[in-house]
Structure formats: C-alpha cells, structure tokens
Protein chains: 2
Amino acid sequence: MPREITAFSNPLIKRVRNLRDKKHRREEGLFLAEGLRILTEALEAGRIPDYLFYARDMATHSLVHDLIDATEAAGGEAIETNADILSKLSGKDNPGAVVGVYPEFTVALSDLDRSAAPIWLVAERLRDPGNLGTILRTADAIGAGGLILVDDCVDPFSVEAVRASMGALFTVPVARANWAEFATWLRAGPGQLVGLSLDTEVDYQAARYEAPTFLLTGNEAQGMPDFMAAACDITVKIPMLGKADSLNAAIATAVMAYEVLNQRRRG
Amino acid sequence: MPREITAFSNPLIKRVRNLRDKKHRREEGLFLAEGLRILTEALEAGRIPDYLFYARDMATHSLVHDLIDATEAAGGEAIETNADILSKLSGKDNPGAVVGVYPEFTVALSDLDRSAAPIWLVAERLRDPGNLGTILRTADAIGAGGLILVDDCVDPFSVEAVRASMGALFTVPVARANWAEFATWLRAGPGQLVGLSLDTEVDYQAARYEAPTFLLTGNEAQGMPDFMAAACDITVKIPMLGKADSLNAAIATAVMAYEVLNQRRRG
C-alpha cells in the first residue's frame, strides 16, 4: 500500500531533491528521472526505481499503475504525492506525473561487445548535459552499440542529461574511461576510429566507414586534442557553408552517425 | 569615455537584467547577448549593441576594444563593470567577458527572397529555446536562406536561444508568421515544402529535393498537425532503428538539411 507524502520537510523529499547535485548522486549511487514517457521506457528496459513518486490524480492512469506495480513487486516504494512536491523534485514548473529514483548503473569498457553493433559513439570531455542526453537519444535511433565517454565528461546521470535522452539513458550502454584505457581497449580488437575535426580536408561523405565504426566527437569549445586526432584512423569534416566554423556537438555527431548508417543501408 | 557601474542597485543593471523576461523584451524592444564570440559575430554582421558591458580586466583585449569602439561610434554606450555584475546579467556563474543589449530585429515574410538560397528551414510551434538556437546555428552551417517560425514558437530573442545559436541569430534571417500567412506566401512562388514526419513510408534519402526546398519541422512533443502534413508536397521520415520513436527536433532538422545539401553537392 503506497504511503503518501505531501510535506516539503519530509526527510525523503529532501534526500531525493539533493540528487539534483552530483555530489549527492555519487554518495547515494542514485539518480532522478521524471516523466511518464521516460519512466515507461526505463521499465521496458527492465529498470525499476527504488522510489516512485506519482501525482495522486494520476494513480489510475494505466502506465502509472504499471509503474507502481513493478516498483512494489521489486521491493521499491511507491509514494503518492502532489504537484508541488513533484515540481520541487523535478525542478520544473510543470512537472510530469511521475518522478523515479534509480540506482546508478555503469558498463565497464571490457564488458562492451564491439561485434554487437556496427556503430559506436565516443565523446571526449563533453561539457553540456543536454548534448550528452541528445547524443544518447541519437545513439538509440541509429542502433549504436553504446556511448563511450572519454576523460572528464559531464555526468550522464544529471537531471538535464536524463531528460534530454528521453529515456535512451536506460537503453543505450554508457561506458566511461580515460583516453589511455579507451585507446588500449579499442586497439585490442577490430574497429575504425573516425574523428570529427575542423582541421582536415576529408569530406565526411568521401570516407568509407568500416564496422565497427567508432565515431569520436571532441569537446564543444575546443574539439579534440591533436594527439587524439592523430590516433584516429581517419579524421573527417562536415561541410560548413556559413559564417560560423562549427556545428553544435550533438548535431555534428548525428549528421556523421547518419552518414555511417546511410552507407551501410546502401550496402 | 566609458562609465563604470559596479552596483547591483544601479537602475540600468536592473533594467538590463529584466530583459531575461519576455515581457520586458517586448516592452523595450531589446534583448541580451553574451560572450566575446557571439558579440564579435554580431559586429561582423553589422549589429551593434545599444549598451555594451565589459569586464574591466578585459578592456585591453583587441576584440573587446573593437566592440567598445564600434558601440561608441554608433552612439551606444560602453560600460565597464565586474564579473559579479556580468554574472548577474548573463545568469551564468562563469560569465563571458562581455554582455550586449541589442535592439530586436525581425524580417517580414514578404521581405524574404526565396531565390537567394536553395534551402530554407521552417519550424512550427517549436517550444524549446535551445532547439531554436541550435536550428539557427545549423541554418547558418548549411547556407540556409533563413528560418521561418510558424504559429506559436518560443521567442528567438530569449537568452537561451541566442546562446545556443552561437551568433547565428545575428546572421540568419528569422521571420515569424502564422500558418495561413506562411502557406499563402509559399504558394505564391516556387518552392517544395518537405515535412518531417513519423507517419510516412518515404525514406528521407529516397525523395528528390528541388530548390528552393522548405524543410518543415513540427512541434517537439506532437509533431506537425495532419493538415500541415497534408499541405506538404512530400513528407519524409528518417530511419529509426532503436526503441524510441523520434529524434530531438533540432537533430532531425539537421540530418534532413544535410541530406538536401548533400543531394545538391552531388549535382
């Protein structure tokens, strides 16, 4: 039987609210996700929250009902609450019907099976959580094997990243490694490392991509360091016809990724 | 000679800070942009701020110097200030070196020359300012003639949209219209209206695009209404291999736009 919490001062509310900060996420090993669409995507991927908060007037919605049942069956706690509390937890004026608190999960580089997919995304020192989430959403769409975060990237479990991923955080494997670990792992098996660069003459449509292709996107402001570009099998550029010299990192990643996919679709 | 402001209580600081709200932007006809890269891009496009705020220790930087000179030469005011004030104006913990206050500008649909570019972007009921700014940045990159905002879109002059555009707001024409106005204008001349849809069997690479191509992207959550899809010359879909059913709107727009550009590059 779900308990009800409607007081801002409740210790659990404070604790969950604190998960908006990276420090508390690390201490607790928990993170926040919100919205019926994302939590349902998580459930379909077999991810069940430790705590599920839902708006009282949504309790009879079939998807909310499914989430409550799954949470309680797995030993988690479903908690009835109100829009004010949900708004406080999600940090949004118009909160979704549900907020879930999930255990963080991570995949070791050594557990990735590179033969499982023809395309993999790799990002180094990605700073913007919206970009990270959007890249995860794109990774899902192109059927990527996963996203490998190299060196000091923004936290994939931040509220903004989870939100921008629209649930892909739960379905796309995310591994974290420093450059040396990644390079060692990559070269221990087959794989073409393709770097997106502004300092190359090779058009992204002129290159031929071989599976498994690892698409490397560099830091938003600086791109990738020279030594990483040198370690790539090939660096390619996307044509830029305007006044600016670069695309948004998530946009560039997607334009590249669809080119690789399209080459494969042509056979 | 620039004046100096270091007091939060200064009326101009309060007034400028208020430009973060749409209501005040509409009343004043002014908006905020921040960062040396974006303000320099604006200057190169001939856009000069009414007020330029800069950090005292950056006054000797050549790009800041150029901005001060241009602002004063055009009758605007350059104001020396500190990091705390810049942070308050920009809403960021790590503010850039400069914040500019610009007069809003807008382009009438009837002033757009559709023969000036082979690709135009059109978005209807776009809700996210980051998406709007990112689409502007992409529009610049592909050499689009402009962005047409149909019906109730988010404000292109919001701080978030300007930031995400990375200066493209100053270089890419933006027109606003309701659907009836847009449809009437479009059909008064040549133009292929291509709608991005989830409800079509036509692969985006199977279609042939004719200049001027108008790429229509629908609302983030709902896509475009059926009557708009029906008004398109063709609707196309981007392949989705994953669990989710849609891409981020700015990502989908960019993937489509590069396909149109790539077809043109092949001749």
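Looking at this structure, is A:Leu186 over 30 Å from A:Asn18 (Cβ atoms) and touching a Leu at 6+ places or on another chain (Cβ under 7 Å)? Can you show your working first?
Numbers: over 30 Å from A:Asn18 (Cβ atoms): yes; touching a Leu at 6+ places or on another chain (Cβ under 7 Å): yes.
The answer is yes for A:Leu186.
Conditions first: (1) away from every other protein chain (no Cβ under 13 Å); (2) touching a helix residue (DSSP H, G or I) at 6+ places or on another chain (Cβ under 7 Å). A:Glu160 passes all but one, so which condition is the exception?
(1) is the only condition that A:Glu160 fails.
Might you check whether a residue that is at negative phi, among the small types (Gly, Ala, Ser) and touching a strand residue (DSSP E or B) at 6+ places or on another chain (Cβ under 8 Å) occurs anywhere in region B:86-93? Show your work before the answer.
The first filter runs over region B:86-93 and keeps only residues at negative phi, leaving B:86-90, B:92-93.
Checking the rest, the ones that are also among the small types (Gly, Ala, Ser) come to B:87, B:90.
Then keep just the ones that are touching a strand residue (DSSP E or B) at 6+ places or on another chain (Cβ under 8 Å); that gives B:90.
Scanning region B:86-93, I find at least one residue that is at negative phi, among the small types (Gly, Ala, Ser) and touching a strand residue (DSSP E or B) at 6+ places or on another chain (Cβ under 8 Å), so the answer is yes.
If I filter region B:55-69 for residues that are in contact with a strand residue (DSSP E or B) (Cβ under 9 Å, 6 or more places away or on another chain) and farther than 14 Å from B:Ala97 by Cβ, do I get at least one hit? Walk me through it before giving the result.
Here is the first cut: in region B:55-69, the ones in contact with a strand residue (DSSP E or B) (Cβ under 9 Å, 6 or more places away or on another chain) are B:55-56, B:58-59, B:61, B:63-64, B:67-69.
After this cut, where a residue has to be farther than 14 Å from B:Ala97 by Cβ as well, the list is B:69.
Yes: one or more hits.
With the checklist (1) without any contact (Cβ under 8 Å) to a residue 24 or more places away in the chain; (2) open to solvent by 50 Å² or more (accessible area, probe 1.4 Å); (3) under 27 Å from B:Asp155 (Cα atoms) in hand, flag the one item B:Ser87 doesn't pass.
If we test B:Ser87 against (1) without any contact (Cβ under 8 Å) to a residue 24 or more places away in the chain; (2) open to solvent by 50 Å² or more (accessible area, probe 1.4 Å); (3) under 27 Å from B:Asp155 (Cα atoms), just (2) comes out false.
I'm told A:Ala117 meets every condition in (1) open to solvent by less than 20 Å² (accessible area, probe 1.4 Å); (2) in contact with a strand residue (DSSP E or B) (Cβ under 8 Å, 6 or more places away or on another chain); (3) over 23 Å from A:Leu19 (Cβ atoms) except one. Can you identify the failing condition by its number?
Only one criterion is unmet by A:Ala117, namely (2).
Can you tell me which residue within region A:232-247, out of those that are touching a Ser or Thr at 6+ places or on another chain (Cβ under 9 Å) and not β-branched (Val, Ile, Thr), is farthest from the other protein chains (Cβ to nearest Cβ)?
A:Cys232
How many residues are in contact with a strand residue (DSSP E or B) (Cβ under 7 Å, 6 or more places away or on another chain), within 9 Å of another protein chain (Cβ to nearest Cβ) and either without any contact (Cβ under 8 Å) to a residue 24 or more places away in the chain or not hydrophobic (A, V, I, L, M, F, W, C) (or both) when one looks only at region A:127-142?
Matching residues across region A:127-142 total 0.
Quick check on this structure: which one of A:Val202, A:Val236, A:Val194 is touching a residue at least 60 places away in the same chain (Cβ under 8 Å), assigned by TED's automatic domain parsing to the domain that holds A:Asp151 and farther than 21 Å from B:Thr253 by Cα?
On the way: A:Val202 fails: touching a residue at least 60 places away in the same chain (Cβ under 8 Å); A:Val236 fails: touching a residue at least 60 places away in the same chain (Cβ under 8 Å).
So the residue among A:Val202, A:Val236, A:Val194 that is touching a residue at least 60 places away in the same chain (Cβ under 8 Å), assigned by TED's automatic domain parsing to the domain that holds A:Asp151 and farther than 21 Å from B:Thr253 by Cα is A:Val194.
Could you tell me which of the residues B:Ala180, B:Ala229, B:Ala250 is aliphatic (A, V, I, L, M), away from chain A (no Cβ under 14 Å) and buried (at least 16 other Cβ atoms within 10 Å of the Cβ)? Quick ask: steps written out before the conclusion?
On the way: B:Ala180 fails: buried (at least 16 other Cβ atoms within 10 Å of the Cβ); B:Ala250 fails: away from chain A (no Cβ under 14 Å).
Exactly one residue qualifies, and that residue is B:Ala229.
Among the residues of region B:141-156, which ones are under 11 Å from B:Pro173 (Cα atoms) and open to solvent by 10 Å² or more (accessible area, probe 1.4 Å)?
B:Ala144, B:Gly145, listed by residue number.
If B:Ala123 satisfies all but one of (1) open to solvent by less than 30 Å² (accessible area, probe 1.4 Å); (2) out of contact with any Leu (no Cβ under 8 Å at 6 or more places or on another chain), what's the number of the condition it fails?
Among (1) open to solvent by less than 30 Å² (accessible area, probe 1.4 Å); (2) out of contact with any Leu (no Cβ under 8 Å at 6 or more places or on another chain), B:Ala123 violates only (2).
Any residue at all in region B:37-60 that's free of Cβ contacts under 8 Å to residues at least 12 places away in the same chain and either among the basic types (Lys, Arg) or open to solvent by less than 20 Å² (accessible area, probe 1.4 Å) (or both)?
Within region B:37-60, none of the residues are free of Cβ contacts under 8 Å to residues at least 12 places away in the same chain and either among the basic types (Lys, Arg) or open to solvent by less than 20 Å² (accessible area, probe 1.4 Å) (or both).
If we keep just the residues of region A:197-216 that are under 21 Å from A:Val150 (Cα atoms) and more than 13 Å from chain B (Cβ to nearest Cβ), which is surrounded by the fewest Cβ atoms within 10 Å (Cβ to Cβ)?
Quick first cut of region A:197-216, residues under 21 Å from A:Val150 (Cα atoms) only: A:197-199, A:211-216.
Pick out the ones that are also more than 13 Å from chain B (Cβ to nearest Cβ) and you get A:197, A:199, A:211-216.
Numbers: A:Ser197: 21, A:Asp199: 11, A:Ala211: 16, A:Pro212: 22, A:Thr213: 24, A:Phe214: 21, A:Leu215: 26, A:Leu216: 26.
Within region A:197-216, the match that is surrounded by the fewest Cβ atoms within 10 Å (Cβ to Cβ) is A:Asp199.
Identify the single condition in (1) away from chain B (no Cβ under 14 Å); (2) of a type outside the set (Gly, Ala, Ser); (3) free of Cβ contacts under 8 Å to residues at least 12 places away in the same chain that A:Arg266 does not satisfy, given that it satisfies every other one.
Going through the list (1) away from chain B (no Cβ under 14 Å); (2) of a type outside the set (Gly, Ala, Ser); (3) free of Cβ contacts under 8 Å to residues at least 12 places away in the same chain, A:Arg266 breaks only (1).
Do we have A:Pro95 as open to solvent by less than 70 Å² (accessible area, probe 1.4 Å) and touching a Ser or Thr at 6+ places or on another chain (Cβ under 6 Å) here? Show your work before the answer.
Numbers: open to solvent by less than 70 Å² (accessible area, probe 1.4 Å): yes; touching a Ser or Thr at 6+ places or on another chain (Cβ under 6 Å): yes.
Considered against the rule, which asks whether it is open to solvent by less than 70 Å² (accessible area, probe 1.4 Å) and touching a Ser or Thr at 6+ places or on another chain (Cβ under 6 Å), A:Pro95 comes out as yes.
Suppose we keep only residues that are open to solvent by 50 Å² or more (accessible area, probe 1.4 Å) and more than 15 Å from B:Val99 (Cβ to Cβ) within region B:5-27. Which one would you say is farthest from the chain's Cα centre (by Cα)? Quick ask: steps written out before the conclusion?
Taking region B:5-27 first, the residues open to solvent by 50 Å² or more (accessible area, probe 1.4 Å) are B:6, B:8-9, B:11, B:14-15, B:17-18, B:20-23, B:26-27.
Narrowing further to those that are more than 15 Å from B:Val99 (Cβ to Cβ): B:9, B:11, B:21-23, B:26-27.
On the way: B:Ser9: 31, B:Pro11: 29, B:Asp21: 17, B:Lys22: 15, B:Lys23: 19, B:Arg26: 17, B:Glu27: 20 Å.
Looking at residues that are open to solvent by 50 Å² or more (accessible area, probe 1.4 Å) and more than 15 Å from B:Val99 (Cβ to Cβ), I get B:Ser9.
Report yes if some residue within region B:21-30 is of a type in the set (Gly, Ala, Ser) and within 27 Å of B:Asp152 (Cβ to Cβ); otherwise report no. Break it down stepwise before answering.
Filtering region B:21-30 down to residues of a type in the set (Gly, Ala, Ser) leaves B:29.
From what's left, within 27 Å of B:Asp152 (Cβ to Cβ): B:29.
Within region B:21-30 (the criterion being of a type in the set (Gly, Ala, Ser) and within 27 Å of B:Asp152 (Cβ to Cβ)), the answer is yes, since at least one residue qualifies.
The values are calculated or read from the model by the stated rules, or taken from the named source; none is laboratory data. Note that the structure is a prediction, hence the values are computed from the model and not measured. Cβ atoms come from the backbone with ideal geometry, glycine included; neighbour counts cover every protein chain shown. Ligands, DNA and RNA are excluded from the accessible area calculation, which covers all protein heavy atoms including side chains. Shrake-Rupley method; radii C 1.70, N 1.55, O 1.52, S 1.80 Å.
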